[in-house]
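The values are calculated or read from the model by the stated rules, or taken from the named source; none is laboratory data. The structure displayed is predicted, hence computed values, not measured ones. We place every Cβ from the backbone using ideal geometry, glycine too, and count neighbours over all the protein chains shown. The accessibility values were calculated without ligands, DNA or RNA, using every heavy atom of the protein model including side chains. Shrake-Rupley method; radii C 1.70, N 1.55, O 1.52, S 1.80 Å.
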Amino acid sequence: MLAPFLIMLREGIEAALIVGIIASYLSQTGRSGWMPTIWVGVLLAVALSLFVGAALQLVSAEFPQKAQELFESVIGFVAVIILTSMVFWMRKASRAMGTNLRQTIDNAFTGTGAAWALVGMAFFAVAREGLESVFFLLAIFQQSTGPAAPLGALSGILVAIAFGVGIFFFGLRINLGRFFRWTGAFILFVAAGILAGALRALHEAGIWNALQGTVYDLSNTLPETSPVGTVLSGLFGYLDAPRQGEVLVYLAFLLVSFFFFLRPSHPAQPVRVGKNASGA
């Protein structure tokens, strides 16, 4: 439950930050009348994300067992790519997000298509996060059973919405660099677990059959279905009887991703957005 909660919280906060910065800058510059165009873009993006998620779920339900395993594997690999790119993109983009968005808004009003430009900004900001969420939620739900994962995802979305309201109306101040650094490190562990699960699904689909020796077997000591095992599985992709290939891709992914993730970078300044904020 914690993994989908934190991932959806992060995705929601990313979208809320962008939409909040756009909305607050319109308010600060006397352009509040353009606010409905922002909500049009947001609603279109939410509708697109829901449609894509429902379509993928319906299509996969018609597959035979082997094809379902292959589909699960493909979704897992796509989710890993999306999660990893999201972590590194936000690590870089958070440094100048507010400045870049304000400049883009000003540029939009110098032309004749300001309304379409604002709709597009809100649409692509939310659609990016929404479509990312569709893929990694499908990957997590396919590897998890029970209502915990969906409830965790829903809780993360609700908290992110509350945060979005807070940053606009109360000008909440956060250090984006610190927030995205800690959540980014956590998400890399989640991505490593999804990657290992995707490799297992590829084996069950009959495509990958190498390195299938069991590294260790803790199914009697700490099974994945136990309370602790469930938490470890959700947080770090724990498997009670992993195969050689799964352990190798898990460790290799963490080694490479953390090597680049932990490299020094310029810290991001705390960001303040809202009706009375002077900048973001």
Legend entry - The listed residue being in contact with a Gly (Cβ under 9 Å, 6 or more places away or on another chain), open to solvent by 30 Å² or more (accessible area, probe 1.4 Å) and either more than 14 Å from Glu129 (Cα to Cα) or part of a helix (DSSP H, G or I) (or both), out of Leu44, Leu6: Leu6
Inset, instruction - Pairs only if they're at least six apart or on different chains, beta carbon under 7 angstrom, first in segment 202-219 and touching a residue at least 40 places away in the same chain (Cβ under 8 Å), second part of a loop (DSSP other than H, G, I, E, B) and surrounded by 15 or more Cβ atoms within 10 Å (Cβ to Cβ); list them, first residue then second. - result: Leu202/Trp208
Legend entry - Single match in Val190, Val249, Val256, Val228 (criterion: within 26 Å of the chain's Cα centre (by Cα), part of a helix (DSSP H, G or I), closer than 28 Å to Pro147 by Cβ and at pLDDT 80 or above): Val190
Inset, instruction - Could you tell me whether segment 114-126 includes any residue that is assigned to a helix (DSSP H, G or I), open to solvent by 60 Å² or more (accessible area, probe 1.4 Å) and at pLDDT 75 or above? - result: yes
Legend entry - Pairs with Cβ under 6 Å, 6+ apart, first in segment 3-14 and closer than 15 Å to Gly193 by Cβ, second among the charged types (D, E, K, R) and open to solvent by 10 Å² or more (accessible area, probe 1.4 Å): none
Legend entry - Any pair with Cβ under 6 angstrom, 6 or more apart, that starts in segment 17-32 at a residue that is under 15 Å from Ala117 (Cβ atoms) and modelled with pLDDT under 75 and ends at one that is surrounded by 24 or more Cβ atoms within 10 Å (Cβ to Cβ) and of a type in the set (Asp, Glu): none
Inset, instruction - Name every residue in segment 193-252 that is crowded, with 20+ Cβ neighbours inside 10 Å and acidic (Asp, Glu), in order of residue number. - result: Glu246
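Table: residues versus (1) modelled with pLDDT under 80; (2) in a loop (DSSP other than H, G, I, E, B); (3) within 20 Å of the chain's Cα centre (by Cα).
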| site | (1), (2), (3) |
| --- | --- |
| Gln57 | yes, no, yes |
| Ser60 | yes, no, no |
| Leu70 | no, no, no |
| Ile75 | no, no, yes |
| Trp89 | yes, no, yes |
Legend entry - Close pairs from segment 239-254: first within 15 Å of Val80 (Cβ to Cβ) and among the acidic types (Asp, Glu), partner assigned to a loop (DSSP other than H, G, I, E, B) and open to solvent by less than 40 Å² (accessible area, probe 1.4 Å), Cβ under 8 Å, at least 6 apart: Glu246/Leu239
